[in-house]
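Asks: Handing you a structure now.
The values are calculated or read from the model by the stated rules, or taken from the named source; none is laboratory data. These numbers come from a predicted model, not from an experiment. Because the Cβ atoms are built from the backbone with ideal geometry, glycine has one as well, and the counts that use them run over all protein chains shown. Keep in mind that these areas ignore ligands, DNA and RNA; they rest on the heavy atoms of the full protein, side chains included. Shrake-Rupley method; radii C 1.70, N 1.55, O 1.52, S 1.80 Å.
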Amino acid sequence: MAQKTQSAERELTMSRAMVEAIATEMRENEEVFVMGEDIADYGGIFDSTQGLLDEFGHERIMDVPIAETGFIGAGVGAAQSGMRPIVELMFADFFGVCMDQIYNNMAKNTYMSGGAFSVPMVLMTAVGGTYNDAAQHSQTLYGTFAHLPGMKVVVPSTAYDAKGLMHNAIRDDDPVVFMFHKRLMGIGWMPAPDGPKTGVPEDPYTIPFGEASVQREGSDVTVVTLGLHVHRALDAAETLADDGIDAEVIDLRTLKPLDTDTVLESVRKTGRLVVVDEDYRSYGVTGEIVATVAEDALADLEAVERLALPDVPIPYSRPLEDEVIPGVEDIADAVRMVQG
């Protein structure tokens, strides 16, 4: 369903919006705490916890050793015991160290216990490239987590959405993977595009999972994307408008649950689909969206293109990284192809 970002007098970066939501939930519920590498004294390397230590102290904002299996397992145990931990995995790329705790324990223990306990845990992790940190620190891997049952997967693209989705994630009784793109956080050494910094109300609010946002309405082609590429798609849509092509841009916001109704409604209107993602092309989000549309709206679909990373390690070289990650012109070119 379409949902417009609400206006507010003040604007926040995405990192500040996330911190504000976490702080509010910690004030209201003493069972909420945060743990992770460099999240206390340093405030998170992407400012995801900046300032929380000053208010809540080391007992609730806890730095941990570089031992992902250990501290994520501790988070699972705390959640099963009735607490609501927020555990930061510094980079999504590091999931290989601790995946057993994530997909065999965090995601499955409610089922394996026959519903005897829940795992109300937020696994917060940074994703994405565009800053030349090479193959082990630049992946998105949305599709990997969305593929595995038992976890909700959240990918905000603006400060307004980040706050509302974080409130909802912390309050959820199921495990939630909250994947934030580094380039959108608004930190000084990694400038964000203009779009992520938005008006954010001071009062708490939630954004339901499974509701995509129509960021730009259009009649000629549907562009479905998430995270950083929402903003690149919007920039491409402005370029295309000069050529007389009216693109509709949909921000999925969550992958589990996935709002297929909004995508299908748009494709039935435009007849053309472009799916853009920063994850790998094979077995990924682009293929899932295209398959869903083919199953349920094939008669309305005239043309389709998908843009994603080729199946290669993300290069360290800036020109090579720019080549493999879809840019604004790549999106515009894909739209022109389906437009004919």
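Asks: So which strands (runs of 3 or more DSSP E) are wholly in the range 15-109 and hold at least 3 residues that are under 28 Å from residue 205 (Cβ atoms)?
Replies: 32-36, 84-91
Residue-by-condition table, conditions (1) on the phi > 0 side of the Ramachandran plot; (2) free of Cβ contacts under 8 Å to residues at least 24 places away in the same chain; (3) open to solvent by less than 30 Å² (accessible area, probe 1.4 Å):
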{"site": "40", "(1), (2), (3)": "no, yes, yes"}
{"site": "54", "(1), (2), (3)": "no, yes, no"}
{"site": "87", "(1), (2), (3)": "no, no, yes"}
{"site": "95", "(1), (2), (3)": "no, no, no"}
{"site": "99", "(1), (2), (3)": "no, yes, yes"}
{"site": "104", "(1), (2), (3)": "no, yes, no"}
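Asks: Which one is modelled with the lowest pLDDT, of the residues in the range 320-340 that are more than 19 Å from residue 139 (Cβ to Cβ) and of a type outside the set (Val, Ile, Thr)? Steps first, answer last, please.
Replies: Step one: of the range 320-340, the residues more than 19 Å from residue 139 (Cβ to Cβ) are 328-329, 331-340.
Imposing the further condition that a residue be of a type outside the set (Val, Ile, Thr) reduces the set to 329, 332-334, 336-337, 339-340.
Numbers: 329: 97, 332: 98, 333: 97, 334: 97, 336: 97, 337: 96, 339: 91, 340: 80.
Selected residue: 340.
Asks: Where residues in the range 255-279 are closer than 28 Å to residue 311 by Cα and in a loop (DSSP other than H, G, I, E, B), which of them is least open to solvent (accessible area, probe 1.4 Å)?
Replies: 259
Asks: On to the next question. Considering only the range 296-304, I want to know if a residue exists there that is in contact (Cβ under 8 Å) with a residue 12 or more places away in the chain, in contact with a strand residue (DSSP E or B) (Cβ under 6 Å, 6 or more places away or on another chain) and under 23 Å from residue 231 (Cβ atoms).
Replies: Yes, the range 296-304 has at least one match.
Asks: Counting only residues that are assigned to a helix (DSSP H, G or I) and under 23 Å from the mean Cα position of the chain (by Cα), how many does the range 289-309 have?
Replies: Adding up the residues that qualify gives 5.
Asks: Hey, can you tell me all the residues within the range 241-254 that are crowded, with 23+ Cβ neighbours inside 10 Å, of a type in the set (A, V, I, L, M, F, W, C) and over 26 Å from residue 135 (Cβ atoms)?
Replies: 247, 249, 250
Asks: Based on this model, can you work out whether residue 312 counts as crowded, with 23+ Cβ neighbours inside 10 Å and not in a helix (DSSP H, G or I)? Give the steps one after another, and end with the answer.
Replies: On the way: crowded, with 23+ Cβ neighbours inside 10 Å: no; not in a helix (DSSP H, G or I): yes.
So residue 312 does not fit the description; no.
Asks: Is there a residue in the range 201-222 that is in a loop (DSSP other than H, G, I, E, B), aliphatic (A, V, I, L, M) and either touching a residue at least 12 places away in the same chain (Cβ under 8 Å) or surrounded by fewer than 22 Cβ atoms within 10 Å (Cβ to Cβ) (or both)? Outline the logic, then answer.
Replies: First, pick out the residues of the range 201-222 that are in a loop (DSSP other than H, G, I, E, B): 201-212, 217-220.
In the following step, the residues that additionally are aliphatic (A, V, I, L, M) were identified as 207, 212.
With the extra rule that they be either touching a residue at least 12 places away in the same chain (Cβ under 8 Å) or surrounded by fewer than 22 Cβ atoms within 10 Å (Cβ to Cβ) (or both), the set shrinks to 207, 212.
Scanning the range 201-222, I find at least one residue that is in a loop (DSSP other than H, G, I, E, B), aliphatic (A, V, I, L, M) and either touching a residue at least 12 places away in the same chain (Cβ under 8 Å) or surrounded by fewer than 22 Cβ atoms within 10 Å (Cβ to Cβ) (or both), so the answer is yes.
Asks: Could I ask something else about it? Looking only at the range 165-186, decide whether some residue is among the aromatic types (Phe, Trp, Tyr), more than 28 Å from residue 26 (Cα to Cα) and either touching a strand residue (DSSP E or B) at 6+ places or on another chain (Cβ under 6 Å) or not in a loop (DSSP other than H, G, I, E, B) (or both).
Replies: Narrowing the range 165-186 to residues among the aromatic types (Phe, Trp, Tyr): 178, 180.
Still in the running and more than 28 Å from residue 26 (Cα to Cα): none.
Among the residues of the range 165-186, not one is among the aromatic types (Phe, Trp, Tyr), more than 28 Å from residue 26 (Cα to Cα) and either touching a strand residue (DSSP E or B) at 6+ places or on another chain (Cβ under 6 Å) or not in a loop (DSSP other than H, G, I, E, B) (or both), which makes the answer no.
Asks: Taking only the range 159-191 into account, find how many residues are of a type in the set (A, V, I, L, M, F, W, C) and open to solvent by 40 Å² or more (accessible area, probe 1.4 Å).
Replies: Final tally of qualifying residues: 1.
Asks: Does residue 238 satisfy being over 14 Å from the mean Cα position of the chain (by Cα), open to solvent by 50 Å² or more (accessible area, probe 1.4 Å) and farther than 18 Å from residue 284 by Cβ?
Replies: The answer is yes for residue 238.
Asks: Does residue 156 meet the test of being part of a loop (DSSP other than H, G, I, E, B), open to solvent by 10 Å² or more (accessible area, probe 1.4 Å) and either of a type outside the set (Gly, Ala, Ser) or touching a helix residue (DSSP H, G or I) at 6+ places or on another chain (Cβ under 9 Å) (or both)? Quick ask: steps written out before the conclusion?
Replies: Values: part of a loop (DSSP other than H, G, I, E, B): yes; open to solvent by 10 Å² or more (accessible area, probe 1.4 Å): no; either of a type outside the set (Gly, Ala, Ser) or touching a helix residue (DSSP H, G or I) at 6+ places or on another chain (Cβ under 9 Å) (or both): yes.
The answer is no for residue 156.
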